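The values are calculated or read from the model by the stated rules, or taken from the named source; none is laboratory data. Since the structure is predicted, the reported quantities are computational estimates derived from the model, not experimental observations. We place every Cβ from the backbone using ideal geometry, glycine too, and count neighbours over all the protein chains shown. We work out accessible area using only protein heavy atoms, side chains counted, and drop any ligands, DNA or RNA first. Shrake-Rupley method; radii C 1.70, N 1.55, O 1.52, S 1.80 Å.
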Amino acid sequence: MDISGRKSHFLGALIGLAVGDALGMPVEGMRASQIRRAFGRVRDFMDAPWRRLKAGQWTDDTKMMLCHARSIVRRGYVDPDDTAHEFVEWFRSGDWRGIGNSTYESIKRLLAGVPPSESGAWGEFAAGNGVAMRIAPVALADCDDLERLREDCRRVGVITHRHPEAIAGATAVAFTVAKAARGDLDPTLLVEETVDYVGECEVTRRLRMAKAFLEGGMEVEEALARLGTGGYVVETVASAFFCFLRSPFDFEETVTRAVEGGVDADTTGAIAGAISGAFNGLEAIPERWRRGVEGAAEILGLAEGIFHLKARGVS
């Protein structure tokens with residue numbers, strides 16, 4: 001796919017992320033069994049009055065994705081210092097929508113003057129999915145330079161998370177979105193190629209497990225229960241990949257299955273949505289979701305802005 005044929009895939013990546021986030025928002029924190037009893041299948045956006053959010057609104061996953069996208073469009077490239085500034089401005093707005101502890105503490109350090117390269121959380125509980133959930137704009141900006149992508153994932157990741165697995169999970173997601181957006185992602189080879197790109201770690205070991213479950217024909221409910229759908233990045237990335245690879249050409253099936261896994265449902269949905277949207281393009285996302293998701297015009301405009309940077313050879 002040449003640059004002129006990529007626009008739909010750039011748009012699909014970012015709006016797909018927001019759609020997956022918004023679908024998972026009302027069921028975040030619920031277990032899969034609770035979701036099945038309460039809703040059956042999750043097919044549409046739903047209100048979450050206990051979160052003061054309405055159907056189609058999203059959480060911090062999309063908020064932080066927008067920080068990346070705005071910075072890239074404004075600067076013309078991935079700039080960690082400017083991205084950190086966007087995070088601080090978001091934090092100051094007070095519209096946190098489910099901000100994670102690692103991100104919260106990291107932005108507090110930024111406000112105290114700690115540089116972005118040192119502000120990220122470290123330690124046992126810093127292997128969260130807060131970088132993986134938001135990394136899609138970076139993947140689009142760097143999709144033609146995978147070595148630069150690897151480094152940019154690290155540079156923007158450490159702003160909030162300095163744990164190696166957090167960076168590895170984000171790198172796995174970014175690699176997949178980049179390959180999908182540029183048109184050379186082969187679902188049958190994805191796990192092996194991602195393992196080669198990221199290297200040996202807990203993230204890639206769990207990806208191999210997801211592949212084994214797929215090849216064994218395991219039911220999605222059991223697979224996600226075994227892979228995990230909590231905030232640990234190793235779980236989230238593997239479950240999102242499983243859902244995508246189980247139905248690579250069906251955006252709706254991918255994201256609904258991802259959010260129905262429960263627990264950190266918005267983030268599993270966001271990552272699965274970004275991957276499937278990048279792979280299948282904007283038109284594969286149901287129109288009711290494209291029209292109903294919060295901030296659709298800005299999200300699509302930013303995706304188009306990154307696309308035009310690539311078309312001009314700027315980023």
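Under 5 Å between amide hydrogens, which residues at least 5 positions from residue 128 or on another chain qualify, with H placed 1.01 Å from N in the peptide plane?
233
Scan around residue 48 for amide H atoms under 5 Å from its own, H built in the peptide plane at 1.01 Å from N, and keep only partners 5 or more places away or cross-chain.
Placed amide hydrogens put 53, 54, 55 under 5 Å from residue 48.
Within segment 59-80, what residues put their amide N at less than 15 Å from the label point 7 Å along the Cα-to-Cβ vector of residue 88?
80
If I model a spin label at residue 288 and residue 124 as a point 7 Å from the Cα along the Cα→Cβ vector, what separation in nanometres do I get?
In this crude spin-label approximation the distance works out to 4.5 nm.
Using the Cα centre of segment 182-293 as the reference point, and only Cβ charges (+1 on K/R, -1 on D/E), how large is the resulting charge dipole? Debye, rounded to the nearest 20.
Dipole magnitude for segment 182-293 comes out near 180 debye.
Mind counting lysine pairs for me in the chain? Cα separation below 16 Å, and the two need to be 8 or more apart along the chain or on different chains.
Going through the chain pair by pair, I get 4.
Could you sort 193, 86 by their accessible area in this structure, using a 1.4 Å probe and putting the largest first?
Solvent-accessible surface, decreasing: 193, 86.
Answer with one residue from 83, 233, 309: the one whose Cα lies farthest towards the positive end of the charge dipole of the chain, charges on Cβ with Lys, Arg +1 and Asp, Glu -1.
So the residue we want is 83.
Given only helices, namely DSSP H runs of n ≥ 4 each adding -39500 (n - 2.57), what is the per-residue ellipticity at 222 nm of the chain, to the nearest 500 deg cm²/dmol?
-19500 deg cm²/dmol
Hey, if you put +1 on the Cβ of every Lys and Arg and -1 on every Asp and Glu Cβ in the chain, which of 49, 197, 213 ends up farthest toward the positive end of that dipole?
So the residue furthest toward the plus end is 49.
Quick one: what Rg and Dmax do you get for segment 183-229 from the alpha carbons, in Å?
Here Rg and the maximum Cα pair distance are 11.4, 31 Å.
Per the 1.4 Å probe, what fraction of the accessible area of the chain, in percent, lies on carbon and sulfur atoms?
So the carbon and sulfur contribution to the accessible surface is 49 percent.
In terms of the Cα gyration tensor, with a ≥ b ≥ c the square roots of its eigenvalues, is the chain rounded because a/c is under 1.5, prolate because a/b exceeds b/c, or oblate?
In terms of gyration-tensor shape, rounded.
Simple spin-label model, 7 Å along Cα-to-Cβ: residue 304 to residue 75 in nm?
2.5 nm
Can you pull the percent of Cα pairs in segment 239-297 with separation above 16 Å? Display every interim value, and only then the final one.
Numbers: 634 of 1711 pairs.
Result for the distance tail: 37 percent.
Using the heavy atoms of the protein chains and a 1.4 angstrom probe, tell me the accessible area per residue for segment 1-118 in square angstrom.
Each residue of segment 1-118 exposes 45 Å² on average to a 1.4 Å probe.
Which net charge results when you count Lys and Arg as +1 and Asp and Glu as -1 among the other residues whose beta-carbon is under 10 Å from that of residue 169?
Around residue 169, the charge tally is -2.
Would you work out the charge dipole size for the chain about its Cα centre, treating the Cβ of every Lys and Arg as +1 and the Cβ of every Asp and Glu as -1, and quote it to the nearest 20 debye?
Details: 38 positive and 46 negative charges, 131 e Å.
It comes to approximately 620 debye.
Under a plain spin-label model, where a point goes 7 Å from the Cα along Cα-to-Cβ, how far apart in nm are residue 184 and residue 219?
4.0 nm
Roughly how big is segment 244-300's charge dipole about its Cα centre, with Cβ charges of +1 (Lys, Arg) and -1 (Asp, Glu), in debye to the nearest 20?
Around 100 debye, computed over segment 244-300.
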